[in-house]
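Shown next, in structure tokens, is the structure this report addresses.
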Amino acid sequence: MTSEEAKPFVLASSPGPPRGLVPEHVHMLEELFTVVWWDDFEANRDKFSNKIQGIFSQCGKPAVTEDLVAALPNLKVVSNFGVGVNHLDVAMINRHGIKVGNTPHVLSDAVADVGMMLILASARRLIEGVNIARESKVYSMFMMGNDINEATLGVIGMGNIGYKVAERARAFNMNIIYYNRERRSVTDEEKVGAKYCMSLEVLLRQSDYVMVVVPLCKETCAMIGEREFQLMKPTAVIINIARGQVIDQDAMVDALQKKLIHGAALDVTYPEPLPPDHPLLHNPNVIVTPHFGSQTVETRRKMAQMVIDNLVAGIEGKPLPSEFKA
Ligand SMILES: O=C(O)C(=O)CO
């Protein structure tokens, strides 16, 4: 058994909610590392600065600023608990000779499940239905939903998660179209029956459900805005399991109010959470969930293991099992 001092030092934001580490993950980390929690680090910078070799980063916590990176001369790796690294300045971190790890693949099924769940929940008006049953109101025959059978799903971003959404939608007999930087292979397309759209415009015009699954970056920030909502069907529902900022949120509120689109189902927004008086929380055609796409016990366990594997490899100077490069 390694002594505490011999274990490499890793900086992490303090455990517990919001979005903190659950005890199981803390235990996994502490088995291999001397974990320096952010509050302790802040109070004792001189004691820890030379010792920290890795940072456990989650949803922008701790904030990996250039000042922090420069203050940690032995830092080798920033390991992100999640696939999306939009909150990290990867180019800046890499410039300092430090690697960045993330956790793709292991969470794709869980996130795609939430995407499919949001399609079904909005099509079948799940939240309204649950509320009616809970309030013991007279059951209304007029609370009609819509079939997703034969409806068209437009997937924007056919990466790992987008493809998993398509696999699920295929099982529900949806017509699948997609828009992606690169076209998938014919074999991939045929497996899920997905048709490639040459332009976003074509996808937006044809889709009953528009699912956003692109990573947030300069090119995708606010890629769905006023013009895009105008192209969509008035019956369409937009679903976002990527990052809130990929959609211009004010334009979406406007599009919903003007009935340019029918509804929205959002696992991601900005900010998170939305303030209680936000219009998206008070529209019966909108479902908002708390960015919980990857949040299952099993998936989070796999993610925690991957974060740890990236930390170990980075600290030992080996290639990361999953490195994200700028
Ligand atoms: O891993 C991420 O980046 C996620 O947002 C999962 O929901």
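Of the residues VAL237, VAL312, only one is more than 16 Å from the ligand (Cβ to nearest atom), touching a Phe, Trp or Tyr at 6+ places or on another chain (Cβ under 6 Å) and either on the phi < 0 side of the Ramachandran plot or modelled with pLDDT of 95 or more (or both); which?
On the way: VAL312 fails: touching a Phe, Trp or Tyr at 6+ places or on another chain (Cβ under 6 Å).
None of the other options fit; the residue is VAL237.
Quick check on segment 286-304: of everything there that is open to solvent by 60 Å² or more (accessible area, probe 1.4 Å) and not hydrophobic (A, V, I, L, M, F, W, C), which residue is nearest to the ligand (Cβ to nearest atom)? Walk me through it before giving the result.
We begin by selecting, within segment 286-304, every residue open to solvent by 60 Å² or more (accessible area, probe 1.4 Å); these are 290, 292, 295, 297-298, 301-302.
When the remaining residues are screened for being not hydrophobic (A, V, I, L, M, F, W, C), the result is 290, 295, 298, 301-302.
Details: PRO290: 10, GLN295: 7, GLU298: 14, ARG301: 14, LYS302: 12 Å.
Checking each candidate, the answer is GLN295.
On the basis of being closer than 24 Å to ASN283 by Cβ and within 13 Å of the ligand (Cβ to nearest atom), does GLY82 make the cut?
On the way: closer than 24 Å to ASN283 by Cβ: no; within 13 Å of the ligand (Cβ to nearest atom): yes.
Taking the combined requirement at face value, the residue does not satisfy it.
Here is a list of conditions, (1) within 28 Å of ARG170 (Cα to Cα); (2) touching a helix residue (DSSP H, G or I) at 6+ places or on another chain (Cβ under 9 Å), and GLN206 meets all of them except one; can you say which number that is?
(2) is the only condition that GLN206 fails.
Could you please find all residues in segment 269-285 being under 27 Å from ILE132 (Cβ atoms) and within 16 Å of the ligand (Cβ to nearest atom)?
THR269, PRO273, listed by residue number.
For ASP147, only one of the following conditions fails: (1) open to solvent by 60 Å² or more (accessible area, probe 1.4 Å); (2) over 15 Å from SER122 (Cβ atoms). What is its number?
(2)
Name every residue in segment 113-139 that is farther than 16 Å from ASN285 by Cβ and open to solvent by 60 Å² or more (accessible area, probe 1.4 Å), in order of residue number. It would help to see each step written out before you state the result.
Initially, segment 113-139 is screened for residues farther than 16 Å from ASN285 by Cβ, giving 113-117, 133-139.
Correct list: ASP113, MET117, ARG134, GLU135, SER136, LYS137, VAL138, TYR139.
Go through segment 161-265 and tell me which strands (runs of 3 or more DSSP E), entirely inside it, have 1 or more residues that are crowded, with 23+ Cβ neighbours inside 10 Å and within 16 Å of the chain's Cα centre (by Cα).
Details: elements: 175-179, 194-196, 209-212, 237-240.
In segment 161-265, 209-212, 237-240 are the strands (runs of 3 or more DSSP E) which contain 1 or more residues that are crowded, with 23+ Cβ neighbours inside 10 Å and within 16 Å of the chain's Cα centre (by Cα).
Filter segment 106-124 for residues that are touching a residue at least 60 places away in the same chain (Cβ under 8 Å) and assigned to a loop (DSSP other than H, G, I, E, B); which is farthest from the ligand (Cβ to nearest atom)?
Among residues in segment 106-124 that are touching a residue at least 60 places away in the same chain (Cβ under 8 Å) and assigned to a loop (DSSP other than H, G, I, E, B), the one farthest from the ligand (Cβ to nearest atom) is VAL106.
Within segment 268-285, work out how many residues are surrounded by 15 or more Cβ atoms within 10 Å (Cβ to Cβ) and in a loop (DSSP other than H, G, I, E, B).
Start the filter on segment 268-285 by keeping residues that are surrounded by 15 or more Cβ atoms within 10 Å (Cβ to Cβ), which leaves 268-269, 272, 274, 278-280, 283, 285.
Checking which are in a loop (DSSP other than H, G, I, E, B) leaves us with 268-269, 272, 274, 278, 283, 285.
Looking only at that region, the number is 7.
Every residue, every condition in (1) closer than 22 Å to MET303 by Cα; (2) within 11 Å of the ligand (Cβ to nearest atom); (3) touching a strand residue (DSSP E or B) at 6+ places or on another chain (Cβ under 6 Å); (4) of a type in the set (A, V, I, L, M, F, W, C), yes or no:
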position: GLN58; (1), (2), (3), (4): yes, yes, no, no
position: LYS61; (1), (2), (3), (4): yes, no, no, no
position: ALA70; (1), (2), (3), (4): no, no, no, yes
position: PRO73; (1), (2), (3), (4): no, no, no, no
position: HIS87; (1), (2), (3), (4): yes, yes, no, no
position: VAL90; (1), (2), (3), (4): yes, no, yes, yes
position: LYS99; (1), (2), (3), (4): yes, no, yes, no
position: ASN102; (1), (2), (3), (4): yes, yes, yes, no
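The values are calculated or read from the model by the stated rules, or taken from the named source; none is laboratory data. Bear in mind that the values here come from a model prediction, so they are computed numbers and not experimental data. Counting neighbours? That spans all protein chains shown, and the Cβs are built from the backbone with ideal geometry, glycine included. For accessibility, only protein heavy atoms count, side chains too; no ligands or nucleic acids. Shrake-Rupley method; radii C 1.70, N 1.55, O 1.52, S 1.80 Å.
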